[in-house]
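*Asks:* The structure is given below, and queries will be raised subsequently.
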Amino acid sequence: MTRELRTPAEVRSACGDDDLVMWAAQGLRPGARAWAAGGAVVAGCPVISRWDRLAVWGRPRDAVPLVRHALAELGPSYRPLGDVELIGRVAGAVEGLRAGPCFSWMSLAGLHDDTGGNGGTGEDGEGGVGWLDGADAEITALLAADAPDAYAVPGDAGVRRWAGLRDGDRLTAVAADAWSAPDVGLLAGVATVAAYRGRGLAERVCRWVSGRLVDTYGRAALMVDDDNPAAIRVYERIGYRRRQVRTSYVTA
């Protein structure tokens, strides 16, 4: 029997506090919904990290009818995502659903403190990382020039705040708190000016923002392409744990 989950506590209990599901549930804010059936849970919310997303968790035999139900309720724009094998099996069984690309979901409960005791949670000293106020135009220009494929951009719904590093007056590296749920902060929009790459600036910014996300939301997460091993190594040094996931989509 399919039952709708009405509170974040119900979602947490049903999925064992799975961070991907809890992120997609977005605290069940207006527009977000979640359901459980047997040993499976789905949670979806519109326009998080640029897409209408539906996180899928649990046993495939229970997840298949649950995904069908959720897509009928939410509409075909929603993209089911979850562990690679699970989504492969769901996409193979749900009519009109096609498996898409794999990538990595990485989550963090606490920082690896290899920063000489700073742990990334305090101000970074001279020329250090901090939240950026009134810098949207600078951030937009940096992303356009050096990270044109970034999902998070200033002004987009759900992109809450930006942090960065400067070299004098020049903004050199940035990262955002974007599409965060009440209990899972999301790191996004990571970018470094091309001429400043190779100096560890992105790691400094990501470590600092990650510490703030853990402080604010209790844990942090991010999405990264599997063909970006350099970024994955940076996130693993910070303390993120990698989980390979897959998305899917409804064909026309």
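*Asks:* Which residue is farthest from Arg3 (Cα to Cα), if the candidates are limited to the stretch 43-62 and must be open to solvent by 30 Å² or more (accessible area, probe 1.4 Å) and among the basic types (Lys, Arg)?
*Replies:* So the residue we want is Arg50.
*Asks:* Do any residues in the stretch 208-236 that are more than 21 Å from Trp131 (Cβ to Cβ) and without any contact (Cβ under 8 Å) to a residue 60 or more places away in the chain have Cβ atoms under 6 Å from those of residues that are open to solvent by 50 Å² or more (accessible area, probe 1.4 Å) and outside any loop (DSSP other than H, G, I, E, B), where the two are at least six apart or on different chains, and which pairs are they?
*Replies:* The qualifying pairs do not exist here.
*Asks:* Here is a list: Trp35, Trp57, Trp23. Which entry is among the aromatic types (Phe, Trp, Tyr), at pLDDT 95 or above, under 22 Å from the mean Cα position of the chain (by Cα) and more than 26 Å from Tyr235 (Cβ to Cβ)?
*Replies:* Of Trp35, Trp57, Trp23, the one residue that is among the aromatic types (Phe, Trp, Tyr), at pLDDT 95 or above, under 22 Å from the mean Cα position of the chain (by Cα) and more than 26 Å from Tyr235 (Cβ to Cβ) is Trp35.
*Asks:* Mind listing just one residue for me: the one in the stretch 17-42 that is open to solvent by 40 Å² or more (accessible area, probe 1.4 Å) and without any contact (Cβ under 8 Å) to a residue 24 or more places away in the chain and, of those, nearest to Ala109 (Cα to Cα)? Write out each step before concluding.
*Replies:* Going residue by residue through the stretch 17-42, those that are open to solvent by 40 Å² or more (accessible area, probe 1.4 Å) are 17, 29-31, 33, 38.
In the following step, the residues that additionally are without any contact (Cβ under 8 Å) to a residue 24 or more places away in the chain were identified as 17, 29-31.
On the way: Asp17: 13, Arg29: 23, Pro30: 27, Gly31: 27 Å.
If we take residues in the stretch 17-42 being open to solvent by 40 Å² or more (accessible area, probe 1.4 Å) and without any contact (Cβ under 8 Å) to a residue 24 or more places away in the chain, then Asp17 is nearest to Ala109 (Cα to Cα).
*Asks:* Assess whether Asp149 counts as being among the acidic types (Asp, Glu), crowded, with 16+ Cβ neighbours inside 10 Å, within 29 Å of Gly75 (Cα to Cα) and out of contact with any His (no Cβ under 8 Å at 6 or more places or on another chain).
*Replies:* No: the conditions fail for Asp149.
Listed here are the residues, each with its yes/no results for (1) open to solvent by 40 Å² or more (accessible area, probe 1.4 Å); (2) not aliphatic (A, V, I, L, M).
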site: Val64; (1), (2): no, no
site: His69; (1), (2): yes, yes
site: Ala72; (1), (2): yes, no
site: Pro80; (1), (2): no, yes
site: Asp83; (1), (2): yes, yes
site: Ile87; (1), (2): no, no
site: Gly92; (1), (2): yes, yes
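*Asks:* Answer yes or no: is there a residue in the stretch 175-196 that is closer than 12 Å to Met106 by Cα, touching a strand residue (DSSP E or B) at 6+ places or on another chain (Cβ under 8 Å), among the β-branched types (Val, Ile, Thr) and surrounded by 19 or more Cβ atoms within 10 Å (Cβ to Cβ).
*Replies:* Among the residues of the stretch 175-196, at least one is closer than 12 Å to Met106 by Cα, touching a strand residue (DSSP E or B) at 6+ places or on another chain (Cβ under 8 Å), among the β-branched types (Val, Ile, Thr) and surrounded by 19 or more Cβ atoms within 10 Å (Cβ to Cβ), which makes the answer yes.
The values are calculated or read from the model by the stated rules, or taken from the named source; none is laboratory data. These numbers come from a predicted model, not from an experiment. Every residue, glycine as well, gets a Cβ built from its backbone with ideal geometry; the counts of neighbours run over all protein chains shown. Please note that ligands, DNA and RNA were not included when accessible areas were found on the heavy atoms of the full protein model with its side chains. Shrake-Rupley method; radii C 1.70, N 1.55, O 1.52, S 1.80 Å.
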